[in-house]
Amino acid sequence: MPTLTMRELAQMTGGEVLQNPDVVVSSVVIDSREVKPDSVFFAIKGERLDGHQFVAQALQTARGAVVAQLPASPPGDKGIVRVADTTKALQELARSIRKRYPFLLIAVTGSAGKTTTKEMIATLAGTERRTWKSWGNFNNLIGCPLCIDNTPDDAEVVVSEMGMNHKGEIAMLAGLTRPDVAVYTNIGPVHIEFFGTLDRIAEAKRELLENMAPNGTVVLNVDNEYVMNISSGFEGRKVTFGIDHPADFRPTNILDRGLLGTRFTLQGRTFDLALPGRHNLENLLAAIATARSIGISWEGIERGVREAKPTYHRGVVIPWRGARLYDDTYNSNPYALSRALALLQQADVHGRRIAVIGDMLELGDSELEYHYEAGRAIPHDVDVVIGVGRRSEAFLDGARHAGFTEERLYHFGDAEGAAAFLESFIRPGDLVLVKASRGIGLDKIITMLEADREPRPAEREA
């Protein structure tokens, strides 16, 4: 965060200094385990835990705390600010920092690819501008303000995700921060449990367009009809990217190199993207369009593309006993699953194509139908399909309807059971896609297999 005194912090959050107004802090944390000597700890009250329970622990290291309830006997050398609501204070601090400091704010939203696109934009922009980005997928009503709150004094560009589970959340986030650039990756059936229809999801995504800074720029995926529909009335600057339709940034000479990535030409320049799949090409096009819109040179973009790498649990290829694991376990939805299965189908594989698919969450009353239809659409090039979780049984039913025989289908109730099976089932040359919604925990499969990476003696001899 910008370096602030506790007095300034109180003014920016609408709070009251209870002690030591001149204590200086320069980072905001909401987890007492992550405090540093320069931190101020915000005691956020969540659904399961109340941060006020950890104030004493945080103040062993942190210089100060923002609280709604005064801690008992706080250390005399620590700064304390009291506010009515610590979550609102965290958000108000973001609003104040945004007003006070002249950085350019880029907000990324969409149903899939937000985090990868954010990382790519930050990489490209960072070649020529001092760039700050949100970490992980901090994109909700707490995570997004926390990113802004920790913006360094000298940042020129800030790249943040804006996600949603309910209508009004993006309006609040964008209203707090007024982004200069809005990036739409795509709109699909994600969190449909809370919205009911894709049209309502699109309406909620429009909230970003309605809360931008004056003279803002919007970066649009022309291949997604919902994105284009909601942006039709936007009167500001539009920059487009796409593969199937004419766009400002549309590649030619696309060469799919399987898991090695994609080679393509864009405006006379040849690029090699190390991340595989059409979806990652789309993410990169969004990042290039954004970077060019803020003035990053083509030379800077070329350097940035060379540095682009997959992020944690989002399409990481892991060698394992002569086979390969494609770790895409961070999250899933019907749209993202179809893209991952297409990549599995297209990949150059010497052994079997194995799809380990876990439940997709937040799909509402039609969740089993979504799973069934996703199973019906699974490519026949996939040799083995393994479902994990209760809902994935409907996925396997769809695969049966599409012609998959029983010897190609397996089901497990949890990640541990699937991992134990895969440990002896995977053979050298196989490619194994592992994908599910985050709440299903299929990352445990990757962790368990990686812990036993060395081949058995018989496999070494083979």
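Remark: spin-label model distance Arg376-Glu416 equals 3.6 nm, labels positioned 7 Å along the Cα→Cβ axis. Each pair of Cα atoms in the range 69-161 enters the Kirkwood radius, and Stokes-Einstein at 37 °C and 0.692 mPa s then converts it into a translational diffusion coefficient of 224 µm²/s.
Between the helical axis of 334-346 and the longest alpha-carbon principal axis of the chain there is an angle of about 50 degrees. Spin-label model, Asp272 to Ile142: label points 7 Å out along the Cα-to-beta-carbon direction sit 4.3 nm apart.
Each residue of the range 319-332 is assigned a 3J(HN,Hα), and the resulting list reads x, 8, 6, x, 9, 9, 9, 9, 7, 10, 8, 5, 6, 7 Hz, derived from the Karplus form 6.51 cos²θ - 1.76 cosθ + 1.60 (θ = phi - 60°), x at Gly and Pro. Shown is the FRET efficiency for Gln53 and Thr447, computed with R0 = 30 Å from the Cβ-Cβ distance and rounded to the nearest 0.05: 0.55.
Model label points for Glu407 and Arg130, set 7 angstrom from Cα along the Cα-to-Cβ axis, are 6.5 nm apart.
Scaled against 2.2 N^0.38 Å for its residue count N, the alpha carbon radius of gyration of the range 292-401 is 1.30. Scaled against the 2.2 N^0.38 Å expected of a compact globular protein of N residues, the Cα radius of gyration of the chain reads 1.05. For the cross-link pairs Lys238/Lys435; Lys36/Lys114; Lys36/Lys133, the ones whose C-alpha atoms lie over 23 Å apart are Lys238/Lys435; Lys36/Lys114.
Suppose we flag trypsin sites (Lys or Arg not before Pro) only when DSSP calls them loop and at most 16 other Cβ atoms lie within 10 Å. Which is the longest uninterrupted stretch of the chain? Looking at the chain, 258-389 is the longest stretch - no exposed trypsin sites (Lys or Arg not before Pro) with at most 16 other Cβ atoms within 10 Å.
For the range 95-166, what is the accessible area per residue in Å², given a 1.4 Å probe and the full set of protein chains?
Computed with neighbouring chains in place, this is 32 Å² per residue.
On the chain, 48 percent of the accessible area sits on carbon and sulfur atoms, based on a 1.4 Å probe.
Over the chain, dividing the summed -39,500 (n - 2.57) contributions of all DSSP H runs of at least 4 residues by the number of residues returns a 222 nm mean residue ellipticity of -9500 deg cm²/dmol. Note that the range 100-111 has calculated 3J(HN,Hα) couplings of 7, 10, x, 6, 8, 9, 10, 10, 10, 9, x, 7 Hz, one per residue in order, obtained from phi through the Karplus relation 6.51 cos²θ - 1.76 cosθ + 1.60 (θ = phi - 60°); glycine and proline are x.
The chain: longest stretch without exposed GluC sites (Glu not before Pro) (DSSP loop, at most 13 other Cβ within 10 Å), sites themselves excluded?
The reported range is 236-462.
With a Förster radius of 41 Å applied to the beta-carbon distance between Glu299 and Glu210, the computed FRET efficiency rounds to 0.70.
Between 0 and 90 degrees, the angle of helix 298-307 with respect to the longest Cα principal axis of the chain falls at about 70 degrees.
The values are calculated or read from the model by the stated rules, or taken from the named source; none is laboratory data. Remember, it's a predicted structure, so these values are computed and weren't measured experimentally. We place every Cβ from the backbone using ideal geometry, glycine too, and count neighbours over all the protein chains shown. When the accessible area is computed, the model is the full protein with side chains, heavy atoms only, and any ligands, DNA or RNA have been set aside. Shrake-Rupley method; radii C 1.70, N 1.55, O 1.52, S 1.80 Å.
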